[in-house]
Amino acid sequence: EVWPRYPELHYRRAHLYIKMGRSKDALNELSEELKLNPRFVKSWVEQGNIYMRANNLDLATQSFVKAMELDPMDASAKLGAANVNYMRRQFSSAIALYQSALALDRGNPEIYKRLGYAYRDSGDQAKAAQAFRSYLDLAPDASDRADFEKYR
């Protein structure tokens, strides 16, 4: 009420709604944030993530593409777009986007894990193993470590 155009206010409220499992309310807050701050990449990425979890891949793609247009150096936007391509079983596109995300964020174990899945499902077991090993190197205490130990 005091400062309704406060930067990131609606974005932060959206995160609270996400934690409460209220995706529709979160999307409404992100929409408000984007009306006030249409260049705020984090809101586009979060919107894409919500759409992706709801299996609305077309809207997810639109959100991630917008985020990448606004900031080509944002690894999270590339990761989200890669995940959508993976879900669509477009493995070569997913792999290219995961590699682009890695070029920007080499220390993110999640990207290596997702890249490993894409390689595995595309039939390239050697590259999958390499990606999974990198995942384990970066996340030695990962809760799913046992799932990837065979790649060591």
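The values are calculated or read from the model by the stated rules, or taken from the named source; none is laboratory data. Note that the coordinates shown come from a computational prediction; the quantities given were computed from them, not determined experimentally. Positions of Cβ are generated from backbone atoms using ideal geometry, with glycine treated the same way; all protein chains shown enter the neighbour counts. Just the protein is used for accessible areas: all its heavy atoms, side chains included, with ligands, DNA and RNA removed. Shrake-Rupley method; radii C 1.70, N 1.55, O 1.52, S 1.80 Å.
Looking at the chain as a GNM with Cα springs under 10 Å, which of P140, P109, P38 has the largest mean-square fluctuation?
P140
Which Cα, out of A67, A82, A128, lies furthest along the positive dipole direction of the chain (beta carbon charges, K/R +1, D/E -1)?
Of the candidates, A128 comes out farthest on the positive side.
Under the rule of -39500 (n - 2.57) per DSSP H run of 4 or more residues, summed and divided by the residues of the chain, what mean residue ellipticity at 222 nm is obtained, to the nearest 500 deg cm²/dmol?
On the way: 9 runs with 111 residues, N = 152.
Computed mean residue ellipticity for the chain: -23000 deg cm²/dmol.
Only four residue types carry charge here, +1 at the Cβ of Lys and Arg and -1 at the Cβ of Asp and Glu. Report the dipole size of region 23-76 about the Cα centre in Debye, rounded to the nearest 20.
About 60 debye.
Evaluate the charge dipole of region 25-152 about its Cα centre and quote only its size in Debye, nearest 20, assuming +1 on the Cβ of each Lys and Arg and -1 on the Cβ of each Asp and Glu.
Using Cβ point charges on Lys, Arg, Asp and Glu, region 25-152 gives about 500 debye.
Between region 118-149 and region 50-117, how far is it from one alpha carbon centroid to the other, in angstrom?
Taking the Cα centre of region 50-117 as reference, the centre of region 118-149 is 18 Å away.
For region 1-146, what does the accessible surface come to per residue with a 1.4 Å probe? Please give it in Å².
Here the residues of region 1-146 average 56 Å² of exposed surface.
Modelling each spin label as a point 7 Å along the Cα-to-Cβ direction, I'd like the R89/R152 distance in nm, to one decimal.
Spacing of the two 7 Å Cα→Cβ label points: 3.4 nm.
Rounded, prolate or oblate: which fits region 10-64, taking a ≥ b ≥ c as square roots of the Cα gyration tensor eigenvalues, rounded meaning a/c under 1.5, else prolate when a/b beats b/c?
The shape class here is oblate.
Can you name the helices of the chain, as whole DSSP H runs, whose Cα span along the helix axis is 15 Å or more and whose Kyte-Doolittle mean is not below 0.5?
Span-like helices in the chain: 57-70, 91-104.
Counting only pairs 8 or more places apart or on different chains, how many lysine pairs in the chain have C-alpha atoms closer than 15 Å?
8
Rounded to the nearest percent, how much of the accessible area of the chain (1.4 Å probe, protein heavy atoms only) is carbon and sulfur?
Numbers: 4220 of 8660 Å².
Here it works out to 49 percent.
Using Cα-Cα distances under 8 Å and only pairs 6 or more residues apart, what relative contact order does the chain have, in percent? Working shown, then result.
Values: 182 pairs, mean separation 18.1, N = 152.
Reported relative contact order: 12 percent.
Within a Cβ distance under 10 Å of V41, other residues only, what is the Lys/Arg minus Asp/Glu net charge?
Numbers: positive: R39, K42, K66; negative: E46, E69, D71, D74.
Taking every Cβ under 10 Å from that of V41, the sum is -1.
Taking the chain on its own, what percent of its Cα-Cα pair distances exceed 24 Å?
Of the Cα pairs, 39 percent sit more than 24 Å apart.
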